[in-house]
Amino acid sequence: MKKTVKTIRIDVDKCNGCRACEMICSAFHAAEKYGTTNPGRARIRVIREPLRDIYVPVFAGDYSPAECAGRDIYIIDGKEYEECAFCRASCPSRDVFKEPDSGLPLKCDMCEDDPPQEEPLCVQWCLNDALIYEVREEEVEEDVKLDEMEIGLESMVDKYGLQKVLDAVARMSEKG
Ligand code: SF4
Ligand code: SF4
């Protein structure tokens, strides 16, 4: 079975840390669409350290119920990046990629929700072309996809309880 894979390639050298991507993502995902901007609700966060000339956009990925046992520190071109800096997971060890009110994990949906966008909004709003949208076809096994979905759901229920997850799903259906 063929699956369409959508990717956003990040050209770190072109990012200047303007945070337009965070703003438009949070506005698109606000309860009242475009009603507020709050980077805390964005599915992309930009690591910004202007004094060290560091600007790295990171997209929210899958939720992780547990912290990693070991941590990595990256040194690239002489610049040292903090532990967990490039990680995409919402996890217990840090505050990023968590919905500020409910604490539920946030994940990039490629702007396909309510209404779906032809091209991710962060890509459209990045005037420096640091975010490049790519679409390709890949061969996948259907069973693998279902297994992954079940593991993700079980982790969420373990962490937040069934009722909280059901409430979040109900809220999403109302929005739809
Ligand atoms: S693709 Fe959409 S949901 Fe994902 S980070 Fe960009 S603006 Fe946010
Ligand atoms: S909009 Fe582009 S240049 Fe600005 S912070 Fe985001 S990725 Fe970097």
Checklist outcome for this item: K107 passes all but one of the listed conditions (1) within 16 Å of ligand 2 (Cβ to nearest atom); (2) assigned to a loop (DSSP other than H, G, I, E, B); (3) in contact (Cβ under 8 Å) with a residue 60 or more places away in the chain; the exception is number (1)
Checklist entry - Condition test on K2, is it of a type in the set (K, R), in contact (Cβ under 8 Å) with a residue 60 or more places away in the chain and more than 15 Å from ligand 1 (Cβ to nearest atom)? => result yes
Checklist entry - Any idea which residue in the stretch 5-24 is farthest from ligand 1 (Cβ to nearest atom), counting only those that are farther than 19 Å from S90 by Cβ and assigned to a helix (DSSP H, G or I)? => result D13
Item to check | G161 being more than 16 Å from ligand 2 (Cβ to nearest atom), on the phi > 0 side of the Ramachandran plot and surrounded by 11 or more Cβ atoms within 10 Å (Cβ to Cβ) | outcome: yes
Checklist entry - If you scan the stretch 25-62, which residues turn out to be buried (at least 19 other Cβ atoms within 10 Å of the Cβ), under 13 Å from the mean Cα position of the chain (by Cα) and part of a helix (DSSP H, G or I)? => result C25, S26, R41
Item to check | Single condition K98 does not satisfy, out of (1) surrounded by fewer than 19 Cβ atoms within 10 Å (Cβ to Cβ); (2) within 18 Å of the chain's Cα centre (by Cα) | outcome: (1)
Checklist entry - Can you name the condition, by its number, that S102 falls short on among (1) within 16 Å of ligand 2 (Cβ to nearest atom); (2) polar (S, T, N, Q); (3) within 30 Å of E174 (Cβ to Cβ)? => result (1)
Checklist entry - Could you count how many residues in the stretch 28-86 are away from ligand 1 (no atom under 16 Å from the Cβ), within 25 Å of M149 (Cα to Cα) and of a type in the set (V, I, T)? => result 0
Checklist entry - When only residues in the stretch 136-150 that are surrounded by 11 or more Cβ atoms within 10 Å (Cβ to Cβ) and under 20 Å from the mean Cα position of the chain (by Cα) count, which is modelled with the lowest pLDDT? => result K145
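The values are calculated or read from the model by the stated rules, or taken from the named source; none is laboratory data. In this text, all values refer to a predicted model and were calculated from it rather than measured experimentally. With ideal geometry, Cβ positions are generated from the backbone for all residues, glycine too; neighbour counts draw on all protein chains shown.
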